Amino acid sequence: MAGKPRRAVANTELDSFEFEEGGRTFTCSAEPAHAGRPEGWWWFRVIPDLRDQRYAPFRMAADDTRANVQARIVAYHDALLARRAQPSTSGPWGRRPGAPTSEPAQPAQPAQPVE
């Protein structure tokens, strides 16, 4: 009979917790990836979040503490918000190399006759 897979986080206090940072409330939980696989992921939700999403930014580790998990989650969410605040590109892959910009082209100067 196969034993139950070991979790990467042995400390059950870290299985889930909630904290506030910068006017946001984070609800975090450590969850196994899939049945039969020992590694797990840190998931979190944040309020307010207009998308009402759950995020799983990194895997659980044996040396996780509440403080370092909290710091990584805040850093991940801050970076996510910064990326979302950037202007969007013209398509999913951005602009083609050498594609014209939105600036109007300068008219070509007529060639000067050589004397």
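Every read-out reported here was derived from the displayed coordinates using simple, explicitly stated rules and does not represent laboratory data. Everything quoted here is computed from the prediction, not taken from an experiment. Note that we place each Cβ from the backbone using ideal geometry, even for glycine, and neighbour counts take in every protein chain shown.
Before moving on, here are some points about what is shown:
- Computed FRET value (nearest 0.05) for THR89 with ARG51, which takes r as the C-beta separation and R₀ as 35 Å: 0.95
- Think of the range 12-85 as having a plus end and a minus end, set by charges on the Cβ of Lys, Arg, Asp and Glu; of ALA35, ALA79, THR65, ALA79 sits farthest toward the positive end of this dipole.
- Taking θ as phi - 60° and the Karplus parameters 6.51, -1.76 and 1.60, the scalar couplings of the range 42-51 work out to 8, 10, 8, 10, 9, 10, x, 8, 4, 8 Hz in sequence order, x denoting glycine and proline.
- Put a dot 7 Å past the Cα of GLU31, heading toward its Cβ, do the same for PHE17, and the two dots end up 2.0 nm apart.
- Here the Karplus curve 6.51 cos²θ - 1.76 cosθ + 1.60, taken at θ = phi - 60°, turns the phi angles of the range 20-36 into couplings of 10, 7, x, x, 10, 10, 9, 10, 10, 8, 9, 9, x, 5, 8, 4, x Hz, with x standing for Gly and Pro.
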